[in-house]
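Remarks on the structure that follows.
The values are calculated or read from the model by the stated rules, or taken from the named source; none is laboratory data. Just so it is clear, the structure is predicted and the values come from calculations on it, not from any experiment. Note that we place each Cβ from the backbone using ideal geometry, even for glycine, and neighbour counts take in every protein chain shown.
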Amino acid sequence: MSEKETKVNRRDFVVTASYAVGAVGVAGVVWPLVDQMNPDASVKALASTEVDISSVEPGKSITVLWRGKPVFIKRRTQEEIDKARSVDINELKHPEKDEDRAANPEWLVMLGICTHLGCVPLNDKGDYDGWFCPCHGSHYDTSGRIRKGPAPTNMEVPKYEFINSKTIKIG
Amino acid sequence: MSDHDYTPSSKFGKWFNDRLPLLTLGKHLTDYPTPKNLNYWWTFGGILTFCLITQIITGLVLAMHYIAHADLAFASVEHIMRDVNYGWLLRYVHANGASMFFLAVYIHIFRSLFYGSYKSPREIIWILGIIIYVLMMAAAFMGYVLPWGQMSFWGATVITNLFSAIPFVGESVVTWLWGGYSVDNPTLTRFFALHYLIPFLILGLVVLHIWALHVPGNNNPIGIDLQKPSKDTVPFHPYIVVKDLFALLLFMIVFAFFVFYSPNILGHADNYIEADPLVTPTHIVPEWYLLPFYAILRSVPDKLMGVIAMFAAIGVLAILPWLDTSKIRSAVFRPLYRQFYWILVLDVLILGYVGAMPAEGLYLLVARVATAYYFAHFLIILPLLGKKERTLPLPLSLTEPVLGGSVAMSAAKHKSEKNNL
């Protein structure tokens, strides 16, 4: 008798198949409801921006908006470049060479967003003469690398290129 | 429940009740046997119901004037304050109402902690309460974003960025929450939609919370199981209704004080500056009711661990009924627990204070010690205390301590009550 009970019959198959089809159907309906919250076409369309940098003096920086986020464009002095390049890479929390962060050493371009919880760090502040985030006390050096505080990584360098000597295209 | 066989007196009532037993429900709610020794700490359930309804009504009318758009939201809030008839009153009641809601819910939660109301057989009531509390925090956070001031914007940025700590998918999750690459208009419109939804979810959970309460009945300051109904109980109406209303009146005086005399004292001046994605305020602080958790978040030097600790601080409450191993509910009969209880109250107040201070130096040290103690209280002290503590003897009924424990006197009183009737 028990053998007969445990044997998969036609009805069990129909029930399982119905559940499976139902689950696929539910997933198909749920996905549009979830995905509508992702960035829409108009947001994605603003993906790149061009910036005129001819008026930036050495030692100064400008902040521009790209995808709703601040981007720091800093024209570094020789002293700041030397400082960033002389650091022993092994003592960094997030080891990155300054050469990799700023291909053209005079210009440092990075997202002005603290990698801890997204505040905008302040320029020329902190223990390493770079940036200091007032929210939770992260200190960044003249290459935007995290040196002290809760932030896990260096400030992010976005994709950018020099269109000519006066213009940078971000994104 | 004894009132299942209730029959309405009127013919129409009977006809209606046979089809939808609302009158039976009404009868159950009025007759509901309530311990007669409930003190004023038990009035906060009613006060919280008032708070929820106040928020829903004021929120509904504010939504008739508010515009959920990044370019218009800030101005529309000022429009409410200056142009809309009584707009200032409605907005101040709604904004301060959130603070009053949290004030009441913290008293409600700490009453539960003192009298052991979360213990068997009331675990589900407690867990529903914790879910309501989490939803309240979500609603309050999203509501604070809507005026689109500096604190709104940067509070939203910091809190949504908590999710970026999730390994691997964190960044995608945050982009999904924002609907873009930063907090912007899509974020504002969805927060408004959710801010409107959550109070109704809370309302549904409150119904379940009260339903679950009405199965075992109220705990009481002595914490012993009672016969219900018996001479230890009184009907909910009029006894508890009147007591709740009196307490509500006192609570409304406090409420009115904030609304009319210092409507902005619980907020931040920075939120009267319109949101600017290029400038972070020098000192970001959440609203006062979130400060203890904010202190826990900042006290951990690692980003992911800090976020985990913050959520764990709430999660540990959900499993509290199984962490507290003591069978005795009320702290009245737990001399050691009573002391640890007050240390916990102090600890949470300290966390709240350092949460409002910059995370450096002595404040950071204090925050770390207080965070460690918070978790130690729930994860180490409570499980051990239940096994080691020598509790005081429990009375057999509520009348016993009043009458000196004499069974004869208790019986005599019972008899005289009968005679009086």
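Screening B:H79 against (1) touching a residue at least 60 places away in the same chain (Cβ under 8 Å); (2) more than 26 Å from B:I202 (Cα to Cα) leaves a single unmet condition, (1).
Within the stretch A:75-90, residues that are crowded, with 16+ Cβ neighbours inside 10 Å have Cβ atoms under 7 Å from residues that are in a helix (DSSP H, G or I) and at pLDDT below 90 in these pairs: A:A84/A:D98, counting only partners at least 6 apart in sequence or on another chain. Taking the stretch A:120-145 as the range and being under 17 Å from the mean Cα position of the chain (by Cα) and within 11 Å of chain B (Cβ to nearest Cβ) as the test, the residues that pass are A:V120, A:P121, A:C133, A:S138.
Within the stretch B:158-179, residues that are over 16 Å from B:D302 (Cα atoms) have Cβ atoms under 8 Å from residues that are among the polar types (S, T, N, Q) and surrounded by fewer than 21 Cβ atoms within 10 Å (Cβ to Cβ) in these pairs: B:T175/A:N38; B:W176/A:N38; B:G179/A:N38, counting only partners at least 6 apart in sequence or on another chain.
In the stretch B:278-332, how many residues are assigned to a loop (DSSP other than H, G, I, E, B) and surrounded by fewer than 20 Cβ atoms within 10 Å (Cβ to Cβ)? Steps first, answer last, please.
Of all residues in the stretch B:278-332, those assigned to a loop (DSSP other than H, G, I, E, B) come to B:278-287, B:300-302, B:319, B:324-330.
Now narrow it down to the ones that are surrounded by fewer than 20 Cβ atoms within 10 Å (Cβ to Cβ): B:278-279, B:282-283, B:285, B:300-302, B:319, B:325, B:327-328.
The qualifying residues number 12.
Restricting attention to the stretch B:28-44, the residues that are assigned to a helix (DSSP H, G or I) and either surrounded by 20 or more Cβ atoms within 10 Å (Cβ to Cβ) or touching a Pro at 6+ places or on another chain (Cβ under 7 Å) (or both) add up to 5.
Applying the set (1) over 30 Å from B:L349 (Cβ atoms); (2) of a type in the set (S, T, Y); (3) surrounded by 20 or more Cβ atoms within 10 Å (Cβ to Cβ) to B:T24 leaves exactly one unmet item: (3). With respect to A:G59, is the statement that it is more than 14 Å from chain B (Cβ to nearest Cβ) and on the phi > 0 side of the Ramachandran plot true? Taking the combined requirement at face value, the residue satisfies it. Candidates are the residues of the stretch B:179-203 that are modelled with pLDDT of 95 or more and among the aliphatic types (A, V, I, L, M); the one that is nearest to A:A45 (Cα to Cα) is B:L188.
Across the stretch A:130-137, a minimum of one residue is classified as among the small types (G, A, S) and part of a strand (DSSP E or B). Just one of (1) buried (at least 16 other Cβ atoms within 10 Å of the Cβ); (2) not assigned by TED's automatic domain parsing to the domain that holds A:R147 fails for A:L33. It is (1). For A:K93, the conditions (1) surrounded by 14 or more Cβ atoms within 10 Å (Cβ to Cβ); (2) within 14 Å of another protein chain (Cβ to nearest Cβ); (3) over 26 Å from B:A156 (Cβ atoms) are fulfilled apart from (1). Annotation note: Cβ proximity below 6 Å between a residue of the stretch B:283-305 that is within 14 Å of A:G137 (Cβ to Cβ) and a residue that is part of a helix (DSSP H, G or I) and of a type in the set (S, T, Y) (sequence gap 6+ or interchain) occurs for B:S299/B:T371. Residues considered: B:P238, B:P281. Of these, the only one that is within 14 Å of chain A (Cβ to nearest Cβ) and on the phi < 0 side of the Ramachandran plot is B:P281.
For the stretch B:85-129, residues that are within 11 Å of B:P321 (Cβ to Cβ) and of a type outside the set (S, T, N, Q) total 10.
Note on the stretch B:157-196: among residues that are facing chain A (nearest Cβ under 10 Å), under 20 Å from A:L33 (Cβ atoms) and aliphatic (A, V, I, L, M), the one that is nearest to the chain's Cα centre (by Cα) is B:L177.
Conditions (1) surrounded by 22 or more Cβ atoms within 10 Å (Cβ to Cβ); (2) touching a residue at least 12 places away in the same chain (Cβ under 8 Å); (3) under 22 Å from A:L46 (Cβ atoms), marked per residue:
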| residue | (1), (2), (3) |
| --- | --- |
| A:R67 | no, yes, yes |
| A:C114 | yes, yes, no |
| A:G118 | yes, no, yes |
| A:H139 | no, yes, no |
| A:A151 | yes, yes, no |
| A:I170 | no, yes, yes |
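Taking the stretch A:148-171 as the range and being more than 24 Å from A:I89 (Cβ to Cβ) and in contact with a strand residue (DSSP E or B) (Cβ under 8 Å, 6 or more places away or on another chain) as the test, the residues that pass are A:E161, A:F162, A:I163, A:K166, A:T167, A:I168, A:K169, A:I170, A:G171.
Yes/no matrix, rows are residues, columns are (1) of a type in the set (D, E, K, R); (2) touching a Gly at 6+ places or on another chain (Cβ under 9 Å):
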position: B:G204; (1), (2): no, no
position: B:P216; (1), (2): no, no
position: B:N219; (1), (2): no, yes
position: B:G223; (1), (2): no, yes
position: B:K231; (1), (2): yes, no
position: B:V234; (1), (2): no, no
position: B:V241; (1), (2): no, yes
position: B:V254; (1), (2): no, no
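Regarding the stretch B:249-272, can at least one residue be identified that is on the phi < 0 side of the Ramachandran plot, in a loop (DSSP other than H, G, I, E, B), surrounded by 17 or more Cβ atoms within 10 Å (Cβ to Cβ) and not assigned by TED's automatic domain parsing to the domain that holds B:P121? No, that holds for no residue.
Taken together, the criteria place A:R145 among residues that are in contact (Cβ under 8 Å) with a residue 40 or more places away in the chain and out of contact with any strand residue (DSSP E or B) (no Cβ under 7 Å at 6 or more places or on another chain).
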